[in-house]
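Nothing in this text is a laboratory measurement; each read-out follows from the coordinates by a stated rule. This is a predicted model, so every value here is computed, not measured. Glycine gets a Cβ as well: all are built from the backbone with ideal geometry, and neighbour counts include every protein chain shown.
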Amino acid sequence: MSEEPAEKPAQYREYACLYCGYIYEEAAGDPENGIAPGTSWEDIPEDWCCPHCSADKDGFEQA
Amino acid sequence: MTSSTVDLAKKDRGTLFNPDDEAKAAGWGTLDPYPLLEKLHDGPPVVKGALEDLMGIPRQYNTDHWDGEVYSILSFEAVNKAFMDAETFSNRVYEKLSKPALGDTLLNLDGGEHKRLRNVSKPWFKPSFTDGWWTEMWTVAAVKEIFDRITEKDHADLNLELCAPLPMSVVSAGFGIPSAEALEFRKALLLHGAPEEMAKGHAFAAEMLTRLMEERRVSPKDDLISRFVHADIENGDGTLRKLTNEEAMRYCFLIIHAGGGTTWRQMGITIMALLNHPEQMEILRKDRSLMRQALQEVTRWYPTDTAFLRYVEKDTVLEGVEMKAGSVAYLCLGTANRDRKQWEDPDSLNILRAPKRHFAFGAGAHACLGQHLSRQEMEVALGAMFDRLGDLHWDPDAPPAVLGGGTLIGRGPVSLNVRYTPLH
């Protein structure tokens, strides 16, 4: 996964982990885990998991 | 894959697997926290004072180790802010709680050190791994064996015969601890009791783990001890090294102890809640797709732990209340999970509620590492309970189930005496 910012969507969204409260902010991404700032939720690989509790993507809901 | 679970009904279990006995050994009161927390919902979200004092019960958490003030954080929003801000509300408080017994572990470390240590085992506790490796290798086989035993008769104490042995057997097997030694290992790691007994127990457990680690270093197997002794950990400068024996051992101690106890009690609470709400149990029995949200609801409604502690690292203001660095804060799950602003009729159990986040397994950087494994074990166990125990109901001739354990720590049923029609 590139560290370069992806194309900026019209509006960044946030997704919250149902199990630990971690917020994935599309604007910030998750660079420590290879997700560049600006990466939309849909473009995050399915094997990515919550940096806090390791929940899979389906453990998140739009905040 | 075969499994060999511990038949606790036939073993000398000492004071294990009775939450009241555990609480008494620790000197804790065992009152139900929820009637005592009721009045706090009408007050401010953050209050100066220890939670026990607000509830009118003797102290269970010892905050005297620290010189600062003590605060209780009560509302969902305030508890959430504290959990999510680990730089301000740190786990340093566990230096006095767990470190004397377990050494440096995920519990008392913070920041980069905590993150690097946690990263070692994260892949082995993510849902895809717990649904696959843990469930397929260990949980399904253990559940089958336990229910084969339970269905040899028409009555059982599901606390002793299911809830206690299942997580202990799964975690022990997953780590690679021989089943014959699993109960002795669990006993040895019991954190309560006389200091000399605790020291003796830890020496026994350390000796056993050292032997297993040495064996796995030479001949790795498909178990967690092998994974730990061959695991890399990142140094502060980004370079990699192997875990030391001491680090691996502390990790194993923590996970084995936490993995056995929390799931045992929470599974017991779940089964008790369902049996006390038979109409909801029937809905779940008929529609297993509701399993995940049912577990989310039961753990919200009655988590096994009522409150966690945090250390206030720097001067801060939370919900208008000033807190000085050096204070200790109670994060009250009991009130936050029943916050009137977050849930309608929060004191009622309702497995049909839309799943929503709560704090039964903590939150933030220190959220329970094993929570996904715990849920998965409970799902498999409840599924088997519905499939193998027909006409499941309380045993009218046995003592009724009551929730015991410490008021703030380690709550769970003392017994779960049921009758059923065994199904094979």
Cα Rg over Rh - the stretch B:317-364, Kirkwood: 1.07
Calculated log₁₀ intensity ratio I(q)/I(0) where the Debye formula runs over C-alpha points of the protein assembly as shown, q = 0.06, 0.08, 0.09, 0.10 Å⁻¹: -0.26, -0.48, -0.61, -0.77
B:Lys153/B:Asp32 FRET efficiency (R0 25 Å; Cβ-Cβ; nearest 0.05): 0.20
Computed Kirkwood radius, in angstrom, where 1/r is averaged over Cα pairs of the stretch B:1-147: 19.4
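Grab the DSSP H runs of chain B that are 4 residues or longer, score each as -39,500 (n - 2.57), total them, divide by all residues and round the 222 nm result to the nearest 500 deg cm²/dmol. Show your work: numbers first, answer last.
Details: 17 runs with 183 residues, N = 424.
Estimated from H runs of four or more residues: -13000 deg cm²/dmol.
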Anchor B:Lys144: lysines whose Cα lies under 24 Å away (excluding residues fewer than 8 positions away in-chain): B:Lys10, B:Lys11, B:Lys126, B:Lys153, B:Lys221, B:Lys286
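Give a quick list of GluC sites (Glu not before Pro) in the stretch B:23-92 that DSSP marks as loop, anything other than H, G, I, E or B, with at most 15 other Cβ atoms within 10 Å. Before the final figure, lay out the partial values.
Details: sites: B:Glu38, B:Glu52, B:Glu69, B:Glu77, B:Glu87; in loops: B:Glu69, B:Glu87.
Those satisfying the criteria are B:Glu87.
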Cβ-derived FRET efficiency at R0 41 Å, B:Ala199 paired with B:Ser128, nearest 0.05: 0.55
Chain B: DSSP helices with Cα axial extent of at least 24 Å and average Kyte-Doolittle hydropathy no lower than 1.0: none
All-pairs Cα distance distribution in the stretch B:325-424, expressed in whole percent, bin size 10 Å: 11, 28, 39, 18, 4, 1
Residue of B:Ala398, B:Ala23, B:Ala329 that the Gaussian network model of chain B assigns the largest fluctuation, springs spanning Cα pairs under 10 Å: B:Ala398
Relative counts (whole %) of C-alpha pair distances in chain B, using bins that are 10 Å wide: 4, 22, 32, 27, 13, 2, 0
Chain B: most fluctuating residue of B:Thr135, B:Thr30, B:Thr239 per GNM, C-alpha cutoff 10 Å: B:Thr239
Of B:Met281, B:Leu224, B:Gly103, farthest towards positive along the dipole that unit charges on Lys, Arg, Asp, Glu beta carbons give chain B: B:Leu224
